[in-house]
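Below you'll find the structure, written out as structure tokens, and then a few comments.
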Amino acid sequence: MNASAPRSVAILGSTGSIGTQALEVMAAAEGAFTLAALAAGGTRPDLLAEQVVAWRPDLVAVAVGDPADLRARIAEVARAAGLPVPAPEILSGPDAATHVAGAGADVVLNGITGSIGLEPTLAALAAGSTLALANKESLVVGGALVKDAVRHPGQIVPVDSEHSAIAQALRSGAAGEVRRLVLTASGGPFRGRSRADLVDVTPAQALAHPTWSMGPVVTINSATLVNKGLELIEAHLLFDVPVTDIAVVVHPQSVVHSMVEFVDGSTIAQASPPDMRLPIALGLAWPDRLPGAARPCAWDVPTAWTFEPVDDDVFPALRLARAAVEASPTHPAVLNAANEEAVAAFVAGRIGFLDIVASVERVLAEHGGTAADGLTLGVLQDVERWARRRANEVIGGLSR
């Protein structure tokens, strides 16, 4: 980063994969950042207490849990380490992360999983903070609502590796010179399988991603390619590119994270070994780069990269995502909400792997849509509630 005052950072989802890696990036970049606040779901209170003791933020939030219990854990960790006991302000409840997001940190890293990240996203934008966005669902669900909340160009910096790659590649040309975006997909654990092969897939098999270490929801979404569908919608919204001009290719090595094809036939790709610390570092420091954020490719070692088309017959999620964008501003919210319910049912053993996308498709087909001029947070919340309720009705009819 350029020499300047340290940036204050608030991390939402601090005990998850993105949050823990963000703290690693900040620790390695001595003097570049200060930690203003942490927010977590509350399911890993011991880890949260360790983070509070190590970083001593002024503000901490938990969605679930007793603040007194967390304060006691913090004191226990501090005393065991021989350190002074921190005394941050502790917020709790479903709106706690939203308060943290709107508290005015220079950078808010939204690493929450799921559409519950929408209100924190809106709060961070309203506060004028730079939003390092790893919570793709908030943009997919919020759509125009989120875009309208942006107060200045570049306020949203993507943290998904694919969108970070596109943002980097777009520096190579003007917007009018872009022909199309090319998102890469690892193909997940079931690349090359037929639909018949997927009938009896277990949650354990679907959670065995060949490349990335991610949370369970994102990992299952990667196995169905729903995650790539959400990323396609996110790319459409972030970069103002029609979904018809966004291609998806399977790249099992996960080294080329995405590409931008320009009108003159040139394609600019961003390549690096699969490591989320690189896009996280860019999200925190944008437009600067942090030295040593991640290791580069080993160009002196023989290697090969392959690319192949997505099998839309086996993995129809991309087709659904494209159709959702074309249908109405609220169809992407329905896709996401129905999918979250279906994934939970699959992990619980209530439905089969192929039932996930089939359930989503059925709920999407029943949604009437909402016009863009009628889009409000309340409308989106009503649509989400309907989609979740209807998805669970559909799932109930499929349950094994």
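The values are calculated or read from the model by the stated rules, or taken from the named source; none is laboratory data. Because the structure is predicted, anything quoted here is derived from the model rather than measured. Please note: Cβ atoms are built from the backbone with ideal geometry, for glycine as well, and neighbour counts cover all protein chains shown.
Among the residues making up segment 166-189, those that are touching a residue at least 40 places away in the same chain (Cβ under 8 Å) and closer than 20 Å to residue 219 by Cβ are 183, 184, 185, 186, 187. In segment 69-114, which residues are part of a helix (DSSP H, G or I), in contact with a helix residue (DSSP H, G or I) (Cβ under 7 Å, 6 or more places away or on another chain) and within 30 Å of residue 158 (Cβ to Cβ)? Across segment 69-114, the qualifying residues are 97, 98, 101.
Pick out the one residue from 132, 126, 149 that is surrounded by fewer than 16 Cβ atoms within 10 Å (Cβ to Cβ) and touching a helix residue (DSSP H, G or I) at 6+ places or on another chain (Cβ under 9 Å). On inspection, the qualifying residue turns out to be 126. Yes or no: segment 302-320 includes at least one residue that is in contact with a Gly (Cβ under 7 Å, 6 or more places away or on another chain), of a type in the set (Asp, Glu) and closer than 15 Å to residue 228 by Cα. No, there is no match, as no residue in segment 302-320 is in contact with a Gly (Cβ under 7 Å, 6 or more places away or on another chain), of a type in the set (Asp, Glu) and closer than 15 Å to residue 228 by Cα.
Hey, does segment 362-372 have a residue that's part of a loop (DSSP other than H, G, I, E, B), over 24 Å from residue 147 (Cβ atoms), out of contact with any strand residue (DSSP E or B) (no Cβ under 8 Å at 6 or more places or on another chain) and not assigned by TED's automatic domain parsing to the domain that holds residue 138? No: zero hits. Please determine whether any residue of segment 154-170 is of a type in the set (A, V, I, L, M) and assigned to a strand (DSSP E or B). Checking segment 154-170: at least one residue is of a type in the set (A, V, I, L, M) and assigned to a strand (DSSP E or B). So which residues in segment 287-342 are among the small types (Gly, Ala, Ser) and crowded, with 22+ Cβ neighbours inside 10 Å? Result: 317, 321, 324, 333, 337, 338, 342.
Whenever a residue of segment 388-400 is crowded, with 19+ Cβ neighbours inside 10 Å, its partners that are at pLDDT 90 or above and not in a helix (DSSP H, G or I), lying with C-beta atoms within less than 6 angstrom and at least six residues away or across chains, give the pairs 395/351. Looking at segment 312-324, which of the residues that are in contact (Cβ under 8 Å) with a residue 40 or more places away in the chain and in a loop (DSSP other than H, G, I, E, B) is nearest to residue 28 (Cα to Cα)? That would be 315. Looking at residue 219, is it free of Cβ contacts under 8 Å to residues at least 40 places away in the same chain and either crowded, with 18+ Cβ neighbours inside 10 Å or in contact with a strand residue (DSSP E or B) (Cβ under 8 Å, 6 or more places away or on another chain) (or both)? In short, yes.
Only a single item in (1) part of a helix (DSSP H, G or I); (2) out of contact with any Gly (no Cβ under 8 Å at 6 or more places or on another chain) is not met by residue 297, and it is number (1).
Within segment 1-37, the set of residues being in contact with a Phe, Trp or Tyr (Cβ under 7 Å, 6 or more places away or on another chain) and assigned to a strand (DSSP E or B) comprises 7, 9, 35.
A Cβ distance below 8 Å, combined with a sequence gap of six or more or placement on separate chains, defines the contacts here; from segment 91-116, residues that are at negative phi and of a type in the set (Asp, Glu) reach residues that are surrounded by fewer than 22 Cβ atoms within 10 Å (Cβ to Cβ) and part of a helix (DSSP H, G or I) in the pairs 95/119.
Tallying residues that are surrounded by fewer than 18 Cβ atoms within 10 Å (Cβ to Cβ) and either hydroxyl-bearing (Ser, Thr, Tyr) or free of Cβ contacts under 8 Å to residues at least 60 places away in the same chain (or both) within segment 363-383 yields 12. Reported count of residues in segment 1-41, each being within 16 Å of residue 99 (Cα to Cα) and not polar (S, T, N, Q), is 12. Does residue 254 satisfy the criteria of being buried (at least 17 other Cβ atoms within 10 Å of the Cβ), hydroxyl-bearing (Ser, Thr, Tyr) and touching a helix residue (DSSP H, G or I) at 6+ places or on another chain (Cβ under 7 Å)? Spelling it out, it is not the case that residue 254 is buried (at least 17 other Cβ atoms within 10 Å of the Cβ), hydroxyl-bearing (Ser, Thr, Tyr) and touching a helix residue (DSSP H, G or I) at 6+ places or on another chain (Cβ under 7 Å). Could you say whether any residue in segment 351-360 is assigned to a loop (DSSP other than H, G, I, E, B) and of a type in the set (D, E, K, R)? The answer is no; no qualifying residue exists.
Number of residues in segment 22-46 that are out of contact with any Lys or Arg (no Cβ under 9 Å at 6 or more places or on another chain) and more than 21 Å from residue 135 (Cα to Cα): the value is 4.
One line per residue, one yes/no per condition, for (1) more than 23 Å from residue 333 (Cα to Cα); (2) over 16 Å from the mean Cα position of the chain (by Cα); (3) of a type in the set (Ser, Thr, Tyr):
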| residue | (1), (2), (3) |
| --- | --- |
| 66 | yes, yes, no |
| 137 | no, no, no |
| 141 | no, no, no |
| 147 | no, yes, no |
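Restricting 393, 366, 384 to those that are more than 26 Å from residue 204 (Cβ to Cβ) and out of contact with any helix residue (DSSP H, G or I) (no Cβ under 7 Å at 6 or more places or on another chain) reduces the list to 393.
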